[in-house]
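Participant: Below is the structure I would like to discuss, written out as structure tokens.
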Amino acid sequence: MKPARLATAVVLTTTGGLLTALAAAPASAATSCTSPVYKRQFFANTTFSGTPKKTDCDSAVSENWGAKAPASGLPTNNFGVRWTVTRDFGSGGPFTFSVSAQDGVRVYLDGVRKVDVWRNVSTTVTKSLNLTVPQGRHTVRVDYVNWTGGANVKFAYTPRTSAAVDKVAPLTPAGLAVAYDGATGRAKLSWTKNKEMDLAGHRVYRRPADGSTWTRLVSTASTTYTDTTLPVTGAAYVYELRAYDTAGNESAGTAPRTVTTADRTAPATPVLRPTASEPEGLRVSWSEVAGAASYDVYRASSMSGTYTRIGSSDRTSYLDSTAVEGTSHYYRVTALDAAGNESAQSTGVVGTLRDVTPPSAVTGVTVTPTTYGFEVHWDANPTPDLESYTVRRGELWGDEGDEQVCSLYPGYSVPAGTTSYAYTTLPDGEESCFVVDALDDAGNSSFAWTGEAQIVTATELDMTPTVATPEGSPLTLTAEAAEGDEGNRLTWHGLDASDPDQAGGYRVHRWNPQTSAYELIAELPSGAAEYVDTGAPRGTASFYRVTAVSADGTESVPAADWTVTAP
């Protein structure tokens with residue numbers, strides 16, 4: 001800004017720590033300035049004594065007068081300029097004060113000198129200071145003097161918004177008000193914007209008045225929000241507002257505000273499950289609906305046909321004993337509350353009384369141990385209406401040599417056209433048993449109906465590292481298998497930023513079964529908390545270690561974990 005050409009002062013507003021210029025009153029008439037604009041005073045001396053030669057408003061401390069006088073009536077050398085502003089810093093927190101000047105500059109916070117670069121120099125000198133500003137209103141003053149030669153000065157105060165540095169939560173928002181419109185069923189919230197310089201926005205939370213769990217509705221930079229999701233059931237709901245900054249810190253919540261909704265809403269629409277064929281008829285079932293006192297069942301001869309009510313139930317199923325075997329019947333269900341409000345009809349489902357013949361048993365099952373677990377193969381099942389296979393693994397109960405029982409875990413569904421499955425599990429030398437079951441499109445299970453199946457046993461490969469991991473690591477490591485081409489993802493925690501063991505960074509090791517050693521695959525800087533191993537081979541078990549490295553190079557006790565990927 002060139003003082004001799006200044007026509008207007010500039011008022012700054014802050015949005016997320018960024019400065020935006022807005023037009024203000026003419027500088028020539030300004031004797032006081034609206035925060036966060038500086039009041040600027042020009043002195044014809046370097047002691048800031050006497051009456052200023054000129055006073056105006058300045059949007060920022062950023063001047064380069066060169067060898068010229070800074071204002072009319074001032075000398076080209078031996079002059080002083082003072083900038084002063086008092087503003088609300090909100091919750092305060094970590095800031096950086098940055099200066100560059102030729103010649104001298106001093107920066108004060110509430111009268112206490114924080115930056116002192118006070119000498120006659122021939123080149124521009126820069127300096128930065130990180131400090132913590134307490135919450136509330138504070139006065140910043142910048143004193144600049146030029147003794148001889150060129151004159152330039154810059155100063156800025158900016159919040160440090162790194163999550164690793166800024167641990168100061170914003171102040172609790174003020175002025176929260178909630179207005180409920182019974183005609184629309186909407187609640188409008190309004191509040192006063194926080195004064196944080198690093199404010200990212202506000203978050204609106206809601207919970208039932210008789211509940212304790214808050215649900216976040218929105219994160220917004222606005223100062224209003226209209227909740228259009230309130231159920232119109234006569235229930236009471238409580239709102240709370242919190243502020244959050246760019247480092248992710250969140251304030252405490254405001255005092256709660258409660259609204260009571262109108263009661264005009266019917267129950268939710270039931271969600272139907274597939275029909276079940278029973279000896280007595282077709283069983284129609286659905287999910288339970290909160291607030292429902294009963295359910296009406298409707299039937300039609302086609303999905304888009306006319307649905308006629310055929311019965312009612314106070315449970316979540318209904319047996320249609322009039323269904324005709326071999327005929328497709330289409331059903332919809334509605335929920336009714338105690339006041340008689342009826343929901344919309346559900347999405348239709350179709351059902352047909354069917355036979356109860358299960359698929360034939362699966363044959364030709366083979367199980368091959370692999371570096372990722374097991375490869376399971378079987379013969380294609382000839383059942384015409386085959387829908388899918390279920391691959392189930394279990395453990396053998398009983399002593400070897402005696403009659404043993406295969407206790408099965410829940411299985412994995414495989415499409416009918418598939419005759420193999422890559423079963424991933426940690427290969428650590430355990431013996432397992434396997435069953436492959438067949439299901440038809442009516443849900444009949446060969447194994448469930450007959451209780452018989454081909455049971456195959458196999459012993460896992462032992463991929464466990466031969467080098468044991470010691471206990472006592474300060475870290476906790478979690479390894480997650482790759483889902484595509486992105487690689488295995490490692491995350492760890494256990495050391496905060498001030499811990500000396502974190503000063504040097506982290507080292508990631510992966511077990512190499514060929515060399516029987518954990519080999520270094522990555523060295524990461526201090527503060528790292530994850531690593532994606534794109535070089536991990538697919539179709540195997542991967543074992544990892546992570547150590548923290550202190551500043552002198554000493555490694556911590558490693559944390560270990562493993563993960564398995566299919567081919």
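Residue-wise test of (1) assigned by TED's automatic domain parsing to the domain that holds TRP191; (2) without any contact (Cβ under 8 Å) to a residue 60 or more places away in the chain; (3) touching a Ser or Thr at 6+ places or on another chain (Cβ under 7 Å); (4) crowded, with 16+ Cβ neighbours inside 10 Å.
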{"position": "SER212", "(1), (2), (3), (4)": "yes, yes, no, no"}
{"position": "ARG216", "(1), (2), (3), (4)": "yes, yes, no, no"}
{"position": "SER222", "(1), (2), (3), (4)": "yes, yes, no, no"}
{"position": "ASP227", "(1), (2), (3), (4)": "yes, yes, no, yes"}
{"position": "GLY248", "(1), (2), (3), (4)": "yes, no, no, no"}
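Participant: A follow-up question, please. If you take the residues of region 45-62 that are outside any strand (DSSP E or B) and either touching a Leu at 6+ places or on another chain (Cβ under 8 Å) or hydrophobic (A, V, I, L, M, F, W, C) (or both), which of them is nearest to VAL153 (Cα to Cα)?
Facilitator: Just the residues of region 45-62 that are outside any strand (DSSP E or B), to begin with: 45-53, 59-60.
Those left that are additionally either touching a Leu at 6+ places or on another chain (Cβ under 8 Å) or hydrophobic (A, V, I, L, M, F, W, C) (or both): 48, 53, 59-60.
Working: PHE48: 16, LYS53: 19, SER59: 14, ALA60: 11 Å.
The qualifying residue nearest to VAL153 (Cα to Cα) is ALA60.
Participant: Just one of VAL467, VAL557, VAL532 is surrounded by fewer than 18 Cβ atoms within 10 Å (Cβ to Cβ), under 30 Å from the mean Cα position of the chain (by Cα), touching a residue at least 40 places away in the same chain (Cβ under 8 Å) and not assigned by TED's automatic domain parsing to the domain that holds ALA422; which is it? Break it down into steps so the answer makes sense when it comes.
Facilitator: On the way: VAL467 fails: under 30 Å from the mean Cα position of the chain (by Cα); VAL557 fails: under 30 Å from the mean Cα position of the chain (by Cα).
Residue meeting the stated conditions: VAL532.
Participant: Here's a follow-up. Mind telling me which of the residues PRO36, PRO70 ends up being farther than 30 Å from ASP245 by Cβ and modelled with pLDDT of 90 or more? Break it down stepwise before answering.
Facilitator: Details: PRO36 fails: farther than 30 Å from ASP245 by Cβ.
Residue meeting the stated conditions: PRO70.
Participant: Being under 19 Å from TYR421 (Cα atoms) and in a loop (DSSP other than H, G, I, E, B) is the filter here; which residues of region 436-457 pass it?
Facilitator: Scanning region 436-457 gives ALA453, GLN454, ILE455.
Participant: I'm trying to understand the selection: among the residues of region 488-526, which are part of a loop (DSSP other than H, G, I, E, B) and exposed (fewer than 15 other Cβ atoms within 10 Å of the Cβ)? Outline the logic, then answer.
Facilitator: So the first thing to find is which residues in region 488-526 are part of a loop (DSSP other than H, G, I, E, B), and the list is 494-499, 503-504, 513-516, 525-526.
Residues satisfying the conditions are ASP496, ALA497, SER498, ASP499, PRO513, GLN514, THR515, SER516, PRO525.
Participant: Looking at THR370, THR419, THR424, which one is surrounded by 15 or more Cβ atoms within 10 Å (Cβ to Cβ), under 19 Å from ALA453 (Cα atoms) and of a type in the set (Val, Ile, Thr)?
Facilitator: Numbers: THR370 fails: under 19 Å from ALA453 (Cα atoms); THR424 fails: under 19 Å from ALA453 (Cα atoms).
That would be THR419, the only listed residue that is surrounded by 15 or more Cβ atoms within 10 Å (Cβ to Cβ), under 19 Å from ALA453 (Cα atoms) and of a type in the set (Val, Ile, Thr).
Participant: May I ask you to list the residues in region 535-554 that are surrounded by fewer than 15 Cβ atoms within 10 Å (Cβ to Cβ) and of a type outside the set (Gly, Ala, Ser)?
Facilitator: Listed by number, the residues that qualify are PRO537, ARG538, ASP552, THR554.
Participant: Take SER285 and decide whether it is among the polar types (S, T, N, Q), in contact with a Ser or Thr (Cβ under 7 Å, 6 or more places away or on another chain) and more than 30 Å from ARG206 (Cβ to Cβ). Break it down stepwise before answering.
Facilitator: Values: among the polar types (S, T, N, Q): yes; in contact with a Ser or Thr (Cβ under 7 Å, 6 or more places away or on another chain): yes; more than 30 Å from ARG206 (Cβ to Cβ): yes.
Here the answer is yes, as SER285 does meet what is asked.
Participant: Going residue by residue through region 395-405, is there one that turns out to be under 20 Å from GLU452 (Cα atoms) and buried (at least 17 other Cβ atoms within 10 Å of the Cβ)?
Facilitator: Keep residues of region 395-405 that are under 20 Å from GLU452 (Cα atoms), which gives 395-398, 402-405.
With buried (at least 17 other Cβ atoms within 10 Å of the Cβ) added as a condition, the list becomes none.
Scanning region 395-405, I find no residue that is under 20 Å from GLU452 (Cα atoms) and buried (at least 17 other Cβ atoms within 10 Å of the Cβ), so the answer is no.
Every residue, every condition in (1) more than 38 Å from the chain's Cα centre (by Cα); (2) part of a strand (DSSP E or B), yes or no:
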site	(1), (2)
ASN64	yes, yes
GLY73	yes, no
GLY80	yes, yes
ARG87	no, yes
THR96	no, yes
ARG113	yes, yes
SER122	yes, no
LYS127	no, yes
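Participant: Going through region 129-145 one residue at a time, which ones are under 29 Å from PRO173 (Cα atoms) and in a strand (DSSP E or B)? Working first, answer last.
Facilitator: Our first condition is that a residue be under 29 Å from PRO173 (Cα atoms); within region 129-145, this holds for 130-141.
Within region 129-145, ASN130, LEU131, THR132, VAL133, ARG137, HIS138, THR139, VAL140, ARG141 meet the criteria.
Participant: Residues of region 165-185 being surrounded by fewer than 18 Cβ atoms within 10 Å (Cβ to Cβ), farther than 16 Å from GLU240 by Cα and either free of Cβ contacts under 8 Å to residues at least 60 places away in the same chain or over 27 Å from the mean Cα position of the chain (by Cα) (or both), which ones? Can you show your working first?
Facilitator: Of region 165-185, the ones surrounded by fewer than 18 Cβ atoms within 10 Å (Cβ to Cβ) are 165, 167, 172, 174-175, 177, 179, 181-184.
Subset that is farther than 16 Å from GLU240 by Cα: 165, 167, 181-184.
If the condition is that a residue be surrounded by fewer than 18 Cβ atoms within 10 Å (Cβ to Cβ), farther than 16 Å from GLU240 by Cα and either free of Cβ contacts under 8 Å to residues at least 60 places away in the same chain or over 27 Å from the mean Cα position of the chain (by Cα) (or both), then ASP181, GLY182, ALA183, THR184 are the ones that fit.
Participant: Tell me the strands (runs of 3 or more DSSP E) entirely within region 254-310 that contain at least 3 residues that are more than 18 Å from VAL350 (Cα to Cα).
Facilitator: On the way: elements: 257-260, 276-278, 281-285, 292-300.
Correct list: 257-260, 292-300.
The values are calculated or read from the model by the stated rules, or taken from the named source; none is laboratory data. Only a predicted model underlies this, so the values are computations on that prediction, with no experimental measurement involved. Glycine gets a Cβ as well: all are built from the backbone with ideal geometry, and neighbour counts include every protein chain shown.
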